[in-house]
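The block underneath contains the structure these notes are about, expressed in structure tokens.
We did not get these values from a lab; they are worked out from the coordinates using the rules stated. Nothing here was measured: the structure is a model prediction, and the numbers come from that model. Reconstructed Cβ throughout: ideal geometry from the backbone, glycine too, with neighbour counts over all protein chains shown.
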Amino acid sequence: MNTKIKTFVISLVVLVLVGVSAACYALMPKADMKPSEYDLGMTYEKAAQEDKPIVAVFYVDWCTYCRRFMPRLDKVRNINKNMYNVVLINVEDPANEKIAKEYRITGYPTVYIMDPKYDNRVHIDGSYLDSVSSLNKEMQRYLNFRNLVKKGEACK
């Protein structure tokens with residue numbers, strides 16, 4: 001094989017490998033991202049005006065568990081985006097002091113399902129936050145109950 005062709009083939013292979021590596025890196029969950037660096041596109045105020053239940057995550061940026069939890073939350077949010085609004089509430093932000101006190105937040109992350117339509121709130125225990133499937137299962141359980149309430153069958 002001539003030198004120009006070898007150089008071209010090697011260059012092409014290097015470019016493909018660099019491109020694939022960059023794409024994989026871009027798609028990897030960013031476990032070191034601070035929760036405040038995730039853009040969910042929804043504020044609590046906006047979410048409260050819609051008919052969907054809200055998954056509210058109370059967090060602080062310095063919490064290592066909050067950082068590890070965020071990629072799982074992001075996956076669950078994508079699975080349930082048509083059924084829930086997911087919001088992040090930074091407990092250290094003075095603007096969130098009132099809601100943090102109302103919900104008596106003492107640990108991080110703390111996750112609630114809030115349903116303004118039914119004036120209901122459900123605390124999701126921390127043991128359900130360790131996997132996408134367990135958190136998703138709890139969120140589905142709430143939707144099942146909400147549907148029973150809508151039909152008037154919840155208290156029979």
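Label positions at Val122 and Asp61, each projected 7 Å from the Cα along the C-beta direction, are separated by 3.3 nm.
Modelled label positions at Ser131 and Glu97, each set 7 Å beyond Cα in the direction of Cβ, lie 4.2 nm from each other.
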